[in-house]
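Single-structure report; data block below.
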Amino acid sequence: MSGTGKSTVVNELVARGHRAIDADYGWCETAPDGEWIWNEQKMQALLADGNAEVLFVAGCASNQRKFYEDFDLILLLSAPSQVMIERVATRQNNPFGRSFDQRKKIVSDLAEVEPLLRSGADVEIRTDRPLDEIVEEVLSLSLETTPRAGELVTETFDYDGGRQVTVYVPADPPDAVVFAGDGQYFSAWGRLLESTSSLSTMIVGVHGLTDEMSRLHEYSPVFAAVRFAAHEEFFVETVRRWVKSRFAVALPAERTAVFGYSCGGELALALGLRHPDLYGTVISGSPGGGYQPTEEMPSSLPRVYLFGGTQEPFFLDNATRWAVALREAGADVVLSEREVRHGARAWRTEFPEMLAWAFGP
C-alpha cells in the first residue's frame with residue numbers, strides 16, 4: 001500500500017546493516033492486463049540466493065501471494081488514510097500519489113486491497129509513530145524466526161546439471177529424519193521445531209524445479225517414467241547415501257519420513273509406497289491428481305498423514321481418495337482438513353503435529 005512507509009523502513013534496515021529490498025524498484029513489472037506484479041523469475045532468484053541470514057522484502061503486487069510460502073514471516077505495514085495521503089503528497093523519492101486520481105486510488109485500495117493483505121499477514125504493524133519504534137518492532141519479530149541452534153547446509157550434486165540439497169541440521173543428534181521434495185522451501189521449516197517440539201529432527205530437502213511441467217514429470221510416475229525413475233534414484237539412493245556419509249545419519253524406517261506438497265505430495269506418496277522399508281511415514285499435502293491409488297495396494301504400507309484445505313476441493317478430493325484407499329488396504333492414516341486455500345504456508349504451524357504423529361512425542 002502506497003504511503004504506509006515501506007520504503008522508509010527498508011532504507012532504515014539497510015542503514016542498520018541488514019539486507020532489505022524494496023521490490024517496487026527493479027523487481028516489478030506491469031502485466032499485459034495493467035496489473036503491477038513481481039517479476040517471478042527475479043523474485044525466485046532473489047529468494048533462493050541465500051546471501052543473507054535474514055532477507056527483508058517490501059512491496060505490494062497482485063501476484064505476491066504466490067511467494068508467501070517462501071517467507072518465514074509476513075508483516076503488514078498500515079497507517080490511517082490521512083497519514084498515507086500526506087506522505088505521498090510530500091515524498092521526494094516516488095511521484096505516485098501527487099495527482100487527485102492517484103490519491104483516489106490509494107483510498108480505494110485501502111478499502112479493497114488492504115483487507116486481502118491483512119488476511120495473509122502474520123502481524124500488522126502501525127506506522128503512524130516514530131520510525132525507530134517501527135523498525136525495532138520489525139527486527140524483534142523477524143529475528144525471532146531465525147535459527148538459534150540448528151543450521152542449514154546446502155550441497156550441489158551433479159544430477160541434472162547441478163541439483164542442490166538443503167539440510168536442516170538440528171543442534172542435537174537427530175531422533176528422526178524427514179526427506180522432502182521442494183527442499184528450497186521446506187528445509188527451513190526445521191526452525192519451527194526448535195521452539196515447538198522436543199523431537200530433534202533433521203530435514204533433508206531435495207530442491208525441486210521451478211518449471212511446473214518438468215517438476216510434474218519428476219514427481220509423478222504416470223507422466224514420464226524415465227524422468228521419474230532418474231529422480232527417484234537420485235532422491236532415494238544418492239541423497240540418502242550422502243546424508244549417511246556427510247552427517248552420519250541413517251535411521252530406521254520407523255524414524256524416517258518422506259514429505260511433499262502439491263506435486264510433491266504425489267512424490268511423497270509414490271516414494272513411500274515404493275520404499276516402505278526406507279520411509280516408515282508419508283506426509284502428503286494437497287496431492288495432485290496424476291498419481292492415484294491402484295486397485296491392488298502393496299502388501300507393506302507406510303503410515304500416512306494426508307492434509308488438504310476445504311477451499312481447494314480438487315486437492316482435498318485427491319487427499320480423501322488416497323485416505324480411503326489406504327485405510328481399506330489396512331494402513332494407518334490421518335486426514336487433516338482445514339479452512340484454507342492451496343498453499344503450503346498455511347500448514348507450517350501444523351508441521352510439528354505431523355511429526356509428533358509420525359515419530360511420537
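Go through region 317-360 and give me each residue that's in a helix (DSSP H, G or I) and of a type in the set (D, E, K, R).
Asp317, Arg321, Arg327, Glu328, Arg345, Arg348, Glu350, Glu353
Against the condition of a type in the set (Ser, Thr, Tyr) and more than 23 Å from Asp70 (Cα to Cα), how does Ser262 come out, does it pass?
Judged against the criteria, Ser262 is not a match.
Taking the residues in region 63-76 that are assigned to a loop (DSSP other than H, G, I, E, B) and within 13 Å of Met43 (Cβ to Cβ) as candidates, determine which candidate is modelled with the highest pLDDT.
Among them, the one singled out is Asn63.
If you go through region 234-245 one residue at a time, do you hit one that is out of contact with any Phe, Trp or Tyr (no Cβ under 9 Å at 6 or more places or on another chain), surrounded by 15 or more Cβ atoms within 10 Å (Cβ to Cβ) and at pLDDT 95 or above?
No, region 234-245 has no match at all.
Just to be sure before I move on: is Phe314 among the hydrophobic types (A, V, I, L, M, F, W, C) and assigned to a strand (DSSP E or B) in the structure I sent?
No: the conditions fail for Phe314.
Filtering region 318-361 down to residues that are in contact with a helix residue (DSSP H, G or I) (Cβ under 7 Å, 6 or more places away or on another chain) and closer than 16 Å to Leu273 by Cβ, which residue is surrounded by the most Cβ atoms within 10 Å (Cβ to Cβ)?
This residue is Trp322.
Between residues in region 232-253 that are under 19 Å from Pro170 (Cα atoms) and residues that are of a type in the set (Asp, Glu) and outside any loop (DSSP other than H, G, I, E, B), which pairs lie under 9 Å by C-beta distance while being six or more apart or on different chains?
Sorted first by the residue in region 232-253, then by its partner, the pairs are Trp242/Glu155; Arg246/Glu155.
Quick test for you: out of Gly120, Gly161, pick the one residue that is at pLDDT 80 or above, surrounded by fewer than 16 Cβ atoms within 10 Å (Cβ to Cβ) and at positive phi.
Gly161
Being surrounded by 14 or more Cβ atoms within 10 Å (Cβ to Cβ) and under 15 Å from Gly260 (Cα atoms) is the filter here, so list the residues in region 277-291 that pass it.
Listed by number, the residues that qualify are Tyr279, Gly280, Thr281, Val282, Ile283, Ser284, Gly285, Ser286, Pro287, Gly288, Gly290, Tyr291.
Can you give me the number of residues within region 246-264 that are in contact with a helix residue (DSSP H, G or I) (Cβ under 7 Å, 6 or more places away or on another chain), outside any loop (DSSP other than H, G, I, E, B) and of a type in the set (Val, Ile, Thr)?
Of the residues in region 246-264, 1 are in contact with a helix residue (DSSP H, G or I) (Cβ under 7 Å, 6 or more places away or on another chain), outside any loop (DSSP other than H, G, I, E, B) and of a type in the set (Val, Ile, Thr).
Can you confirm whether Ser214 is crowded, with 19+ Cβ neighbours inside 10 Å and either modelled with pLDDT of 95 or more or in the same structural domain as Thr349 (by TED's automatic domain parsing) (or both)?
no
Suppose we filter region 8-39 for residues that are assigned to a helix (DSSP H, G or I) and either within 15 Å of Gly59 (Cβ to Cβ) or free of Cβ contacts under 8 Å to residues at least 40 places away in the same chain (or both); how many remain?
The qualifying residues number 7.
When both residues are 6+ apart or on different chains and their Cβ atoms are under 8 Å apart, which pairs have a first residue that lies in region 287-312 and is among the basic types (Lys, Arg), and a second that is in a loop (DSSP other than H, G, I, E, B) and surrounded by 13 or more Cβ atoms within 10 Å (Cβ to Cβ)?
These pairs meet every condition: Arg303/Gly280; Arg303/Ala331; Arg303/Asp332.
For region 200-230, give me each residue that is under 28 Å from Gly150 (Cα atoms) and either out of contact with any strand residue (DSSP E or B) (no Cβ under 6 Å at 6 or more places or on another chain) or charged (D, E, K, R) (or both).
Within region 200-230, Ser200, Leu209, Thr210 qualify.
With respect to Ile134, determine if the residue is surrounded by 14 or more Cβ atoms within 10 Å (Cβ to Cβ) and not assigned by TED's automatic domain parsing to the domain that holds Ser245.
yes
The values are calculated or read from the model by the stated rules, or taken from the named source; none is laboratory data. This one's a predicted model, so the numbers in the text were calculated from it and none came from an experiment. When we count neighbours, we look across all protein chains shown, and the Cβ atoms used for this are built from the backbone with ideal geometry, even at glycine.
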